[in-house]
Amino acid sequence: MQYLAAFLLSALLLAEGATMVATAGQLPARMASHFDAQGFANSFMLRTDYQLLVLGLGLGIPLLLVLVLVVLPYAMPNRLRIPSRDYWIDPLRRAQTLSSIATSGLIIACIVAAFMIAMQLLVVQANSRVPPQLDNTLFYTLGAMLIIAILAWQFLLWRRFQVPR
């Protein structure tokens, strides 16, 4: 499962980069980059600055999640904050525990990467309108889906690390 999650994350990061490059020509030179509660643009920036920012955040946040949730637990298993940590990092269960945490971290990074792709497409759509306007219904739906997905995965991870009876 861990290799599948790593492959999926790699594919999503490549898709994210490809989406940024493919949609660059659809954005105006001075584009709307921030929107108010009604979805109307209230801040603008140069397309090149926006692309660098979004590409940095879009790739950086998932990679930071991989570092924190995949790499660090292997480096410092005694610092894990999971239910019944001593039970789960016992040498008999440590490898399986760290593998589960790594898979979890990769899946969370996939969720965030997919969200970043969707947000890029939403910003491109918003900038195609005159005046630029964000589809708030879709924006709030995406945000809710992100939160629900992360909470659901967190709940499943919490359940995974309950001490068996």
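The values are calculated or read from the model by the stated rules, or taken from the named source; none is laboratory data. As the structure is a computational prediction, the values presented were derived from the model and not from experiment. Ideal geometry is used to build each Cβ from the backbone, glycine not excepted, and the neighbour counts take in all protein chains shown. Ligands, DNA and RNA are excluded from the accessible area calculation, which covers all protein heavy atoms including side chains. Shrake-Rupley method; radii C 1.70, N 1.55, O 1.52, S 1.80 Å.
The relative contact order of segment 1-84, computed from alpha carbon pairs under 8 Å that lie at least 6 residues apart in sequence, is 20 percent. What the Cβ-Cβ distance of Arg165 and Met1 gives, at R0 = 25 Å and to the nearest 0.05, is a FRET efficiency of 0.50. Between amide H atoms placed 1.01 Å from N, distances below 5 Å from Leu134 occur with Phe40, Ala41, all of them 5 or more places distant or on a separate chain.
Here the chain is described by how far its Cα atoms reach on the three principal axes: 61, 27, 24 Å, from widest to narrowest. Close amide-amide hydrogen proximity is noted between Phe44 and Ser33, each under 5 Å apart and 5 or more residues distant or on a separate chain (H modeled in the peptide plane; Pro and chain starts excluded).
Here segment 1-141 is treated with +1 on each Lys and Arg Cβ and -1 on each Asp and Glu Cβ, and its dipole about the Cα centre works out to around 240 debye. Shown is the FRET efficiency for Leu121 and Leu151, computed with R0 = 22 Å from the Cβ-Cβ distance and rounded to the nearest 0.05: 0.40.
Residue-wise HN-Hα couplings along segment 52-59, as the Karplus relation 6.51 cos²θ - 1.76 cosθ + 1.60 with θ = phi - 60° gives them from phi, are 5, 4, 5, 5, x, 5, x, 8 Hz; Gly and Pro carry x.
Estimated from helical segments only, the mean residue ellipticity of the chain at 222 nm is -22500 deg cm²/dmol, where each DSSP H run of four or more residues counts as -39500 (n - 2.57).
Here the label points at Tyr87 and Ala29, each 7 Å from Cα along the C-beta direction, are separated by 6.4 nm in the simple model. Averaged over its residues, segment 49-163 has an accessible area of 57 Å² per residue, based on protein heavy atoms and a 1.4 Å probe. For segment 1-75, which whole percent of the accessible surface, found with a 1.4 angstrom probe, sits on carbon and sulfur atoms? Answer for segment 1-75 is 74 percent, counting heavy atoms of protein chains only.
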